[in-house]
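The values are calculated or read from the model by the stated rules, or taken from the named source; none is laboratory data. Not measured: the values here are computed from a predicted model. Every residue, glycine as well, gets a Cβ built from its backbone with ideal geometry; the counts of neighbours run over all protein chains shown. These accessible areas exclude ligands, DNA and RNA; they are computed on the full protein's heavy atoms, side chains included. Shrake-Rupley method; radii C 1.70, N 1.55, O 1.52, S 1.80 Å.
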Amino acid sequence: MEPGDLFIPVDTIEEEATLTCDAKGVPPPQYRWSLNGTLINLGLDRRRRLSGGNLIISSLDRYQDVGMYQCMAFNAAGAILSRRASLQFAYLDHFKVHTRSAVSVREGQGVVLLCGTPTSSGDLTYAWVFNEYPYFVQQDNRRFVSQQTGNLYVAKVEPSDVGNYTCVVTNSVTKGKVHSSPTPKIEVNFPDNVSAARGSTVTLECFALGNPVPEITWKRANGVPFPSKVKMKYSNAVLEIPSFQQDDTGGYECVAENRMGKNTATGRLCVSVPSAKPQWIQAVKDAALAIEERLHWECRANGKPKPSYTWLKNGQQLLSGDRITVVDGVLSVSALALSDAGMYQCVAENKHGVIYFAAELMVLASPPDFTGNVLRALLKAKAGTTVTLECKPQAYPVASILWKKGNLPIHINDRVTLSPDGTLRLANVSKSDAGGYTCFARNRFGMSSTTGRLLVTDPTRITQGPVDMEIIVGESIVLPCQVASDPVLDVSFSWAFNGQLIAKGDGHFELVGGRTAGDLMIRNIQLYHAGKYICVVDTDVESLSAVAILIVKGPPSPPDSVTVEEVTDSTAQLAWSRGRDNGSPIANYFIQTRTPFTVGWQRVNTVPEIIDGNTLTATVVDLNAWVEYEFRVLARNSVGVGEPSPVSVRTRTEDAVPDAAPGDVGGGGGSRSELVITWEPVPEELQNGESFGYIIAFRAFGEVSWTHVATSAPGASRYVYRNDSIAPFSPFHVKVGTYNSKGQGPFSPVVTIYSAEIGKERILATILNVSGEGQRHFGPISFLRLHQVVYWEDDTKPETMGKVRVPWNQTVVTVSGLAANTQFFLTVSAFNTAGTGPFLPAINVTTKKPPPAQPPMNIEWTLIGSQLSLYWEPVAATESESEVTGYKVSVMLPDLLALGCPSVNSVCHLCPPPMDFYGDGASCQVNRSAKSYVARSKWGGSGGLIWKTLEGIHNKCLHAYQ
């Protein structure tokens, strides 16, 4: 840290002043100070003392302490000087004590009152007091106070101006003020020539005396208007030009004018020659050079005027001599000696200032030393490569180098070379180059050596590396990486995936192998595992690598942005965007839909029927009118079917006239004089629009015209027509139609029903048989309208009996839910709306035993080519179970969509007949919703099933009956 300039107010001289100086060095430096070039003897000076390197001056004296101070720091290594710093005192003396004569001025004349500034140091400001403090003269178009001379100018004296005037001078550093005795006088103008530095602010003053008060105007001699930056102040008495530039140079005129005449003052502005104290642009650095080496230091500084240079060693000026050359800012010393060590300074100086820059020179002298830079005890190198043996001892001056192999000097040739820095290079090494190598280093202070052993190894080869592969998502693979290497080498393996090192602990990757193998196992491969894999083999002497590209294929990613573009009553136009094909081109798309009336998603028919992978639009057909649909799209490639797309916005199809008629139209029965008509209501998804209802039409046998009745209840399933003229059990033709807000739909086929009956009749029936696993089959039975079957477990006929009622035209009924291996009693009676007829005599039967509860055990299978063999352990029935007569085999199949089955209601017969089942024929059937394969056998021997190849499955897909 160097001292800075100080400006101290005189009125604080009782305080202390501190000039800073702080330098670094080993050992810590000591300090001396000089004043105006003379060393300060601190031992004899009680007012000056050192604190560290700082000079502290107490009881300041404006006459003894003013001047230029400089600090010197020194230790055993040398000495350096600081910059020179000035110490000045700011003061303002009092005006000389004398009475000034009064100034007599006629009214209307001008006057100048001279301030007569006393001696001072520091920047000053001026003001005038009128008569007494604090009444200061206010500047206006008549009055002006110059801040350059301190004079007060009054352009036109008025009676109110009569009085005493006092000049007040303020020192901006000391803040002290002095007052003159009252006095007046006259005149103002700016210099004929004014020099200003670029970028500075220039002010020109002009004030005129006259009666009337003159008006001040300014203009340039060349007539060019003033730029906008120029400002006029104090009624134009001051012209201010900020940021002065070359364009602002030239002549300026101040014109003072009143009705009595005008006067002109002129002057010129020019750019002053720039001046600046020196600034370093190139400095020197500390140097540590060997004895007998050459020192070359150069320093450069800029400044105006151009600075001159001197060089100091330990604070003393250096001059050119036998080994020393000092030219401008360049210092050269040849053949350095130990005595040349020390602190050097480059000094740059012009009239505006002086600057210093210091650097230390160390001169080194020592014998060769290999500490920290010895040859490797064992150096391994691959045969055929180039080996570099460095010999770099620390030696001052530089040592001469000699190499030996064993005890023999090494001979230089085309293959063996020695660099000037002592480096030995062996090209195309072989086993014969192996052995011990010693480097000897010598200078005039001594000799030293270092020894190492060279081992030449056989090259390492990758015997089996990874190869490019294609693999399916979810599979696992091993990428091989195996080498043959010299036994003395340490071998390590690493893998990089897409430029990133595979870290240990990744659950998908595992490195397997031994010393010469570093295979990479990848488990459960995902799509993001596709890319470049590099096996890197590192040994003591070389690094090898092998590259493979892994392509991972998977089902397509979901299509995106499914939109419904156009809708009719039975179709919807869909569009979507393509998802990623995941390594296998998209073969085709298919569309699924969901409505409030369906369970889950169902595939729908489209145009085109098969949507290829390059098509991104399709029309869904066979939709129901006036139903809200949601759609999604799935893509398929050679790997499989991908995940579905996001669901489309729910869209309602347009309404239409009903196209479905009620089903199961019938009726009959009821009370006397009633015709009861019933039907199966049309499901909501088939009503095709709003305001749905039914039209009931009926007529008696023999009549031509129909009676029509409408009901607006979409869920209605029954209508009763009452008329006393209806005879009991009379036949009627009946049909039921539909309608909605769009119009009338179709009628059901005409059926015949009968009006209500009036009595009970006996029926005759024959119970033919009881069969099935815990089930009873009755029939045939002749009856009138309905049959009622009653059953119970014993002949006490408890109140809780089982009952089953069937239509009059049905002659067989199955009674289900009975307990197995149990005796039951059963009877039958006729039944209609009038009541129940007499029962037939009861019969008793016993239900069969239940099937075996134990499943087949120890299931095994084998797959050879396209033939799959399945084996199991047979089931032995217990005494309370029925005998085993066969086995059911279920096999889960892939999604039948991948087989190309064209619609939801498709059945694929997958077993090409005959199917071998140990000599017994078998059949199988798979429907789409079940996604399972079921085969039934009629043979109950020792377990076993062999089915043959399923070639031709695609051709077995058939349209199912509706």
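Yes or no, residue by residue, for (1) assigned by the TED database to the domain that holds Arg636; (2) of a type in the set (Ser, Thr, Tyr); (3) out of contact with any helix residue (DSSP H, G or I) (no Cβ under 8 Å at 6 or more places or on another chain):
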{"position": "Leu511", "(1), (2), (3)": "no, no, yes"}
{"position": "Tyr528", "(1), (2), (3)": "no, yes, yes"}
{"position": "Ser545", "(1), (2), (3)": "no, yes, yes"}
{"position": "Ala575", "(1), (2), (3)": "yes, no, yes"}
{"position": "Gly579", "(1), (2), (3)": "yes, no, yes"}
{"position": "Ile586", "(1), (2), (3)": "yes, no, yes"}
Q: Please go through the stretch 139-148 and pick out each residue that is out of contact with any helix residue (DSSP H, G or I) (no Cβ under 9 Å at 6 or more places or on another chain), within 12 Å of Ser235 (Cα to Cα) and part of a loop (DSSP other than H, G, I, E, B).
A: Gln139, Asp140, Asn141
Q: Determine if the stretch 321-335 includes at least one residue that is open to solvent by less than 30 Å² (accessible area, probe 1.4 Å), out of contact with any helix residue (DSSP H, G or I) (no Cβ under 9 Å at 6 or more places or on another chain) and either of a type in the set (S, T, N, Q) or in contact (Cβ under 8 Å) with a residue 60 or more places away in the chain (or both).
A: yes
Q. Restricting attention to the stretch 356-384, which residues are part of a loop (DSSP other than H, G, I, E, B) and open to solvent by less than 40 Å² (accessible area, probe 1.4 Å)?
A. Phe370, Leu375, Ala383
Q. From the list Glu257, Glu240, Glu292, Glu253, which one is part of a loop (DSSP other than H, G, I, E, B) and either free of Cβ contacts under 8 Å to residues at least 40 places away in the same chain or outside the structural domain of Ala395 (by the TED database) (or both)?
A. Glu292
Q. What are the residues in the stretch 76-96 that are under 18 Å from Ser34 (Cα atoms), open to solvent by 20 Å² or more (accessible area, probe 1.4 Å) and part of a loop (DSSP other than H, G, I, E, B), if any?
A. Arg83, Arg84
Q | Residue ID - modelled with the lowest pLDDT, chosen from residues in the stretch 147-183 that are of a type in the set (Val, Ile, Thr) and closer than 18 Å to Phe95 by Cβ | A | Thr183
Q: Inspect the stretch 446-462 for any residue being at positive phi, assigned to a strand (DSSP E or B) and surrounded by fewer than 18 Cβ atoms within 10 Å (Cβ to Cβ) and give the result as yes or no.
A: yes
Q. Can you pull out the residues in the stretch 39-68 that are touching a residue at least 40 places away in the same chain (Cβ under 8 Å) and out of contact with any Phe, Trp or Tyr (no Cβ under 6 Å at 6 or more places or on another chain)?
A. Ile56, Ile57, Ser58, Ser59, Leu60, Asp61, Asp65
Q: Would you check if there is a residue in the stretch 184-199 being of a type in the set (Phe, Trp, Tyr), in contact with a Leu (Cβ under 9 Å, 6 or more places away or on another chain), at pLDDT below 80 and assigned to a loop (DSSP other than H, G, I, E, B)?
A: yes
Q) Are any residues in the stretch 1-41 in contact with a Leu (Cβ under 8 Å, 6 or more places away or on another chain), open to solvent by 40 Å² or more (accessible area, probe 1.4 Å) and outside any loop (DSSP other than H, G, I, E, B), and if so, which ones? A) Leu6, Thr18, Arg32
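Is at least one residue of the stretch 722-735 modelled with pLDDT of 80 or more and among the acidic types (Asp, Glu)?
yes
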Q) For the stretch 53-64, does any single residue satisfy the condition of being outside the structural domain of Glu257 (by the TED database), at positive phi and in a loop (DSSP other than H, G, I, E, B)? A) yes
**Q.** Which listed residue, of Ile40, Ile13, is at pLDDT below 85 and more than 60 Å from the chain's Cα centre (by Cα)
**A.** Ile13
Q. Limited to the stretch 649-674, what total is found for residues that are free of Cβ contacts under 8 Å to residues at least 40 places away in the same chain and either surrounded by 20 or more Cβ atoms within 10 Å (Cβ to Cβ) or under 30 Å from Phe831 (Cα atoms) (or both)?
A. 1
Q. If you check Ala73 against the conditions, is it over 60 Å from the mean Cα position of the chain (by Cα) and either buried (at least 18 other Cβ atoms within 10 Å of the Cβ) or in a strand (DSSP E or B) (or both)?
A. no
Q | the stretch 680-711, residues that are open to solvent by 50 Å² or more (accessible area, probe 1.4 Å) and assigned to a loop (DSSP other than H, G, I, E, B) | A | Pro683, Glu690, Ser691, Phe701, Gly702, Glu703, Val704, Ser705, Trp706
**Q.** Test for Ala618: is it in contact (Cβ under 8 Å) with a residue 60 or more places away in the chain, among the small types (Gly, Ala, Ser) and in a strand (DSSP E or B)
**A.** no
Q. If you check Val639 against the conditions, is it within 30 Å of Asn582 (Cα to Cα), open to solvent by 50 Å² or more (accessible area, probe 1.4 Å) and either assigned by the TED database to the domain that holds Phe747 or part of a loop (DSSP other than H, G, I, E, B) (or both)?
A. no
Q. What tally of residues in the stretch 263-315 results from selecting those that are surrounded by 13 or more Cβ atoms within 10 Å (Cβ to Cβ), within 21 Å of Ala76 (Cβ to Cβ) and out of contact with any Phe, Trp or Tyr (no Cβ under 8 Å at 6 or more places or on another chain)?
A. 2
(Q) So, in the stretch 137-179, exactly how many residues are surrounded by 12 or more Cβ atoms within 10 Å (Cβ to Cβ), of a type in the set (A, V, I, L, M, F, W, C) and without any contact (Cβ under 8 Å) to a residue 24 or more places away in the chain? (A) 1
